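The values are calculated or read from the model by the stated rules, or taken from the named source; none is laboratory data. Here the structure is a predicted model, which means the values were calculated and not measured. Cβ placement follows ideal geometry from the backbone for every residue including glycine, while neighbour counts extend to all protein chains displayed. Each accessible area value is taken on the protein alone, full model and side chains, heavy atoms only, with ligands, DNA and RNA left out. Shrake-Rupley method; radii C 1.70, N 1.55, O 1.52, S 1.80 Å.
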Amino acid sequence: MASLYKALSGTKKRRREDAEEQDGATEGETGGYMKKFRQRVLLLSSRGVTFRQRHLINDLALMLPHAKKDSKFDNKSQLFMLNEVADLYNCNNLLYFEARKHQDLYMYLAKAPNGPTAKFHVQNMHTMSELNFTGNCLRGSRPVVSFGKEFDESPHYKLVKELLLHIFGVPKSARKAKPFVDHVIAFSIADNKVWFRNYQIAETMDTTTEDENSEDPDKAKKRKQLKVSLVEIGPRFVMTLISIIEGSFSGPLIYENKEFVSPNAVRAQLRVGKAATKNRRADKIDLDKVKKAAKMRERREKGVNPLADSVLFG
């Protein structure tokens with residue numbers, strides 16, 4: 001009779017709906033419920049990466065326990081196909097590295113499958129193995145993602161801040177994440193570039209005395225104070241924002257950095273400068289040859305000097 005009453009009144013259905021809502025939520029500190037921060041990142045690169053770039057990608061993969069690392073992506077002209085790869089791995093964020101000419105590295109931050117997509121040029125790369133910093137952190141621990149105040153001053157950097165937070169912010173529900181927060185990932189803006197740093201949160205106990213004037217060491221009260229400091233771990237690199245696209249690897253352009261100069265143009269200017277220097281040297285050599293020939297011709301026209309040593313003492 002009770003089961004018949006529950007079926008007719010819809011009690012089972014309401015309980016099932018409440019259970020589904022609680023499965024997709026976590027209890028907050030205030031006693032209410034908030035949605036889970038469900039983020040999964042697909043990390044992959046293109047063909048042609050150098051050893052330094054490969055080590056940098058491996059360092060980032062170790063820092064992101066909620067990331068899935070895939071094999072290298074072959075097609076550079078149809079990047080929108082990465083959305084299908086992300087769908088296969090059930091990822092809603094994409095971190096893609098594109099290598100060009102075995103020396104330039106570009107990084108894409110994208111939200112799959114609807115976008116947006118931010119494109120960066122990565123410079124000044126230094127991996128953990130070559131820096132040899134004293135800092136250390138637990139593998140798979142969750143970081144504190146810190147942003148400079150410059151990210152809130154312009155709308156395009158606000159969007160970049162949200163993308164970086166979704167990718168580098170490790171959620172609590174990540175399968176490989178450890179329940180510890182022992183390092184800080186810092187993003188700052190200087191010279192219109194985004195600077196990446198990773199620090200360890202080092203805690204030490206500092207013992208101080210409250211009564212320093214007391215000569216008796218037994219009477220001097222000692223107090224232990226927790227001292228927190230940051231020690232850099234690595235890796236470190238600098239990113240220059242190039243453009244932001246509305247969709248995921250496709251769609252209209254919503255922001256473009258007019259001050260960005262491609263590395264190909266920089267190398268072309270260096271080659272032009274070297275060629276100009278070489279041409280000036282060649283022109284000087286030709287001018288010296290012309291002057292020397294003119295002097296010889298002038299001497300032949302004047303004839304032999306009667307007061308020359310070869311004539312007087314010959």
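Residue-level check: of (1) under 28 Å from H102 (Cα atoms); (2) in contact with a Cys (Cβ under 7 Å, 6 or more places away or on another chain), Q200 misses just (1). State yes or no: is N83 modelled with pLDDT of 90 or more and either part of a helix (DSSP H, G or I) or among the hydrophobic types (A, V, I, L, M, F, W, C) (or both)? Here the answer is yes, as N83 does meet what is asked.
Could you please let me know if R54 is in contact with an Asp or Glu (Cβ under 7 Å, 6 or more places away or on another chain) and farther than 27 Å from Y255 by Cα? Talk me through it step by step, then tell me what you get.
Details: in contact with an Asp or Glu (Cβ under 7 Å, 6 or more places away or on another chain): no; farther than 27 Å from Y255 by Cα: yes.
Against the criterion (in contact with an Asp or Glu (Cβ under 7 Å, 6 or more places away or on another chain) and farther than 27 Å from Y255 by Cα), R54 does not qualify.
In the set E130, E98, E84, only one residue is under 26 Å from H55 (Cβ atoms), of a type in the set (D, E) and open to solvent by 40 Å² or more (accessible area, probe 1.4 Å); that residue is E130. Please verify whether region 257-274 includes one or more residues that are in contact with a Leu (Cβ under 9 Å, 6 or more places away or on another chain) and within 30 Å of E84 (Cα to Cα). Scanning region 257-274, I find at least one residue that is in contact with a Leu (Cβ under 9 Å, 6 or more places away or on another chain) and within 30 Å of E84 (Cα to Cα), so the answer is yes.
Residues checked against (1) exposed (fewer than 10 other Cβ atoms within 10 Å of the Cβ); (2) over 58 Å from the mean Cα position of the chain (by Cα); (3) of a type in the set (V, I, T):
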{"site": "A268", "(1), (2), (3)": "no, no, no"}
{"site": "G273", "(1), (2), (3)": "no, no, no"}
{"site": "N279", "(1), (2), (3)": "no, no, no"}
{"site": "D288", "(1), (2), (3)": "no, no, no"}
{"site": "A293", "(1), (2), (3)": "no, yes, no"}
{"site": "K302", "(1), (2), (3)": "yes, yes, no"}
{"site": "N305", "(1), (2), (3)": "no, yes, no"}
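In this structure, K119 does not satisfy being within 24 Å of I185 (Cα to Cα), among the basic types (K, R), touching a helix residue (DSSP H, G or I) at 6+ places or on another chain (Cβ under 7 Å) and open to solvent by 20 Å² or more (accessible area, probe 1.4 Å).
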